Amino acid sequence: MTDNNNKKHKIVIVGGGASGLELATSLGKKLGKKGAAEVTLLDASPTHIWKPLLHEVAAGTLDESEQIEYLAQAHRNHFRFRLGRMEGLNRQAKEIYVSPTLSDSGEELIPRRTFSYDTLVMSVGSISNTFNIKGVAEHCLFLDTTAQAFKFQKQLVESYIKSHAGKAAGKSLSIVIIGAGATGVELSAQLHEVTDLLAVYGLDESSDVKLTIIEAATQLLPALPTKLAHATQQQLVKLGIDLKLGRRVVEVTREGVHTHDGEMIPADLKVWSAGIKAPDWMQNLDGLEVNRINQLVVDETLKTNDDDIFAMGDCAACPWPGHDGNVPPRAQAAHQQATTLSKSIVNRLQGGQLVKYDYLDYGSLVALGKYTTVGNLMGNLMGSVSIGGFIAKVVYLSLYKMHQIAIHGYFRTAMLTLSNLFRRSVHATIKMH
């Protein structure tokens, strides 16, 4: 099956994460609305959730209204959405190949398709890097996608109920998180908050949950300054979360996690959040250059070694001039790249120059649920400033609001914010199904 052919310039964006959805929305308004181009967004999921919020999905504390339906977003913003997963590329024919879409029972819903493009943008994000450690793929849960986060949340609730019913009498529920980056740390605090809420709701035994974080480095949160990392560590210890730093995982089994020093940490639920890579299928995209973790190598304009193909977000290895390494895989980088690439593609259609991407690092923030938020802000006037508490929480929230504004505009974002405030006053704080 081949996508319809017409004379309009075809822009295909693969991946509806933070950068992909923002770019599709922007180009739909600038080009699609005027009929200057045909903008198509392809994603394997029908809905979008901002990836930094997936730990809240996993814990069951995220309001379901935060999900965005791609089809509705496309209709409002003059681009097309197509459900599917890319599996291959033909650069000479300027086509991408999309796998068949199957139902849960294995029935083929949408056959294999081919999409033609004039400009292709790869924005497929990242997945967890298991480093080929034995047992990780089989026994760990991951938080790379919305579907995985919902799967974790379902298993979490079932484990709580099982524990409360006394089927595991005399044994507390044990959850081990492997990796002490932002995702692992934020998830641990969110899970601690959930156990407290469940105890209030009447599942008294839920307070008897053992949370453990295992990290190969001797410090958690490497993206933050040492002072803030230590402050976060003290907060987690205060919450009763067991931190095993300087421990390298060598194997994961059904019973628990084995570290390099011979210890076995028992675990009912095991979550892997120790590093990222681009999806493995990107290793062989018809000669596009990739690095050792499958990211597409791009120049300062986010262009690959093919003049018609660009990449952004976590799947792109973008140089960071003046620094050792590439632009870090953060939501703020994805937001900035989408803004830059939107200008470049408009210029490209008008015969202009591509815009150089210049990453502006505004710092790092980590939210520990209701307990606190810590981080550092970067600025030309003040340099690096450490912040915490209410101010940090407001800044953290503002990052998400910037993403919402890019997708919905100021008015709709304001209305959504008010709507969520009213919803939370009548709905349960956590999802129990």
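Please determine whether any residue of region 30-38 is buried (at least 17 other Cβ atoms within 10 Å of the Cβ), in contact with a His (Cβ under 6 Å, 6 or more places away or on another chain) and either without any contact (Cβ under 8 Å) to a residue 40 or more places away in the chain or farther than 18 Å from Gln404 by Cα (or both).
To start, the set of residues in region 30-38 that are buried (at least 17 other Cβ atoms within 10 Å of the Cβ) comprises 30-32, 37-38.
Add one more test, that the residue is in contact with a His (Cβ under 6 Å, 6 or more places away or on another chain), and what stays is 32, 37.
If we keep only those that are either without any contact (Cβ under 8 Å) to a residue 40 or more places away in the chain or farther than 18 Å from Gln404 by Cα (or both) as well, we get 32, 37.
Yes, region 30-38 contains a residue that is buried (at least 17 other Cβ atoms within 10 Å of the Cβ), in contact with a His (Cβ under 6 Å, 6 or more places away or on another chain) and either without any contact (Cβ under 8 Å) to a residue 40 or more places away in the chain or farther than 18 Å from Gln404 by Cα (or both).
This table checks each residue for (1) aromatic (Phe, Trp, Tyr); (2) outside any loop (DSSP other than H, G, I, E, B).
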| residue | (1), (2) |
| --- | --- |
| Phe310 | yes, yes |
| Asp314 | no, yes |
| Pro328 | no, no |
| Ala334 | no, yes |
| Gly351 | no, no |
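Yes/no per residue for (1) surrounded by 14 or more Cβ atoms within 10 Å (Cβ to Cβ); (2) in contact with a Cys (Cβ under 8 Å, 6 or more places away or on another chain); (3) part of a strand (DSSP E or B):
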{"residue": "Ser105", "(1), (2), (3)": "no, no, no"}
{"residue": "Thr114", "(1), (2), (3)": "yes, no, yes"}
{"residue": "Val121", "(1), (2), (3)": "yes, no, yes"}
{"residue": "Val124", "(1), (2), (3)": "yes, yes, no"}
{"residue": "Phe131", "(1), (2), (3)": "no, no, no"}
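What number of residues within region 297-350 are under 19 Å from Gly32 (Cα atoms) and out of contact with any strand residue (DSSP E or B) (no Cβ under 8 Å at 6 or more places or on another chain)? Number of matching residues: 8. Just one of the listed residues (Ser26, Ser45) is part of a loop (DSSP other than H, G, I, E, B) and either surrounded by fewer than 23 Cβ atoms within 10 Å (Cβ to Cβ) or modelled with pLDDT of 95 or more (or both), and it is Ser45.
So for region 125-141 (the condition being closer than 16 Å to Leu42 by Cβ and either touching an Asp or Glu at 6+ places or on another chain (Cβ under 8 Å) or not assigned by TED's automatic domain parsing to the domain that holds Ser174 (or both)), does at least one residue qualify? Walk me through how you get there before you give the answer.
Of the residues in region 125-141, the ones closer than 16 Å to Leu42 by Cβ are 125.
Still in the running and either touching an Asp or Glu at 6+ places or on another chain (Cβ under 8 Å) or not assigned by TED's automatic domain parsing to the domain that holds Ser174 (or both): 125.
Yes, that holds for at least one residue.
Test of understanding: among Asp268, Asp308, Asp286, which residue is in contact (Cβ under 8 Å) with a residue 24 or more places away in the chain and surrounded by 20 or more Cβ atoms within 10 Å (Cβ to Cβ)? Give the derivation first.
Details: Asp308 fails: surrounded by 20 or more Cβ atoms within 10 Å (Cβ to Cβ); Asp286 fails: surrounded by 20 or more Cβ atoms within 10 Å (Cβ to Cβ).
Answer to the selection: Asp268.
Here are some residues: Ile177, Ile96. Which one is modelled with pLDDT of 90 or more, in the same structural domain as Lys210 (by TED's automatic domain parsing) and either within 26 Å of Gln233 (Cα to Cα) or not in a loop (DSSP other than H, G, I, E, B) (or both)? Give the steps one after another, and end with the answer.
Values: Ile96 fails: in the same structural domain as Lys210 (by TED's automatic domain parsing).
The match here is Ile177.
The values are calculated or read from the model by the stated rules, or taken from the named source; none is laboratory data. Everything quoted here is computed from the prediction, not taken from an experiment. Glycine also receives a Cβ, built like all others from the backbone with ideal geometry; neighbour counts cover every protein chain displayed.
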